[in-house]
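Have a look at the structure below, then the notes.
Here, each number is a calculation from the coordinates, and none is a lab measurement. Quick caveat, the model's predicted, so the values are computed rather than measured. For neighbour counting, all protein chains shown are included, and Cβ atoms are generated from backbone atoms with ideal geometry for every residue, glycine included.
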Amino acid sequence: MDRREIAALLAYIGRLDPRSIRTDEGEARDQLAQWNELLGDVPMATPHGWDARAAARQHYRASPYQIQPADVVRPWESYRRNRLALHSDPTPSADPDDQPAWTAELVSTRHAVAAGIAQPAQARAITSSQEGINPRLQARLDQIGSCIPPAARAALAPFRPARAAREAAVTQGLPDALSVRCEWCLAPVGEPCRRRRIGPNDGVRAITPRATPHPGRLDLAAQQARHTEQAQQPALA
């Protein structure tokens, strides 16, 4: 804000709170100089949601005390932080090999977003959007059946045996054992069963995950699957 805008802001604040009005010419000049020094880098308003008068009005809505320059600066800094938190740097149009131009464009974009001149650029989701999934991505998912290609899934199987056994059971049409809590080892839903190693003094030395679920958990999952299937069948007249 320049001195003219600062004077307009102080006049607006005077209408909200007559206590802030300075009738002495020297005091009014000093007040204007102080506010101009502290709010020189704060705009009066931006095209995207910031207005210093709204910040002053909100102060008097929540506080009985006279407003200070910091009561305008704090909302402005919060406004800047919130906008930058929503911003994802778009790829600059400058040549990537021209590092100074690349960096300057990124910095310029961030300054414009923080200053309320430009809207934050938000990252686009890969698999979902208001327009729906990308057709090329959907065709690829339909082709491989999963976001993890079969070759990669097979390569990962030795390193996650519990997950591999679960996927194999579901593929074969068997009930998903991890969909229920194990009553034997108390493993929660979604986590593999656990094996307890007992020490010489009957204390538990370690707990390690099992590659296969306990038989009782399999039975419980099958029982729950049957109940769900029966509940989905229409009642006979």
TODO: Determine the sum of side-chain charges near Gly116: Lys and Arg each +1, Asp and Glu each -1, restricted to other residues whose C-beta is under 9 angstrom from that of Gly116.
DONE: +2
TODO: Report the net charge of residues surrounding Ser20, where surrounding means a beta-carbon distance below 14 angstrom and charges are Lys +1, Arg +1, Asp -1, Glu -1.
DONE: 0
Open item on the list: How charged is the neighbourhood of Gly40? Take every other residue with its Cβ under 15 Å from the Cβ of Gly40, and add Lys/Arg as +1 and Asp/Glu as -1.
Closed with: -3
TODO: Mind running the shape call on the range 1-94? Use the C-alpha gyration tensor, a ≥ b ≥ c as the square roots of the eigenvalues: rounded below 1.5 for a/c, prolate if a/b tops b/c, oblate otherwise.
DONE: prolate
- [ ] List the residues whose amide H sits under 5 Å from the amide H of Arg195, counting only those 5 or more places along or on another chain, with H placed 1.01 Å from N in the peptide plane.
- [x] Thr208, Arg210
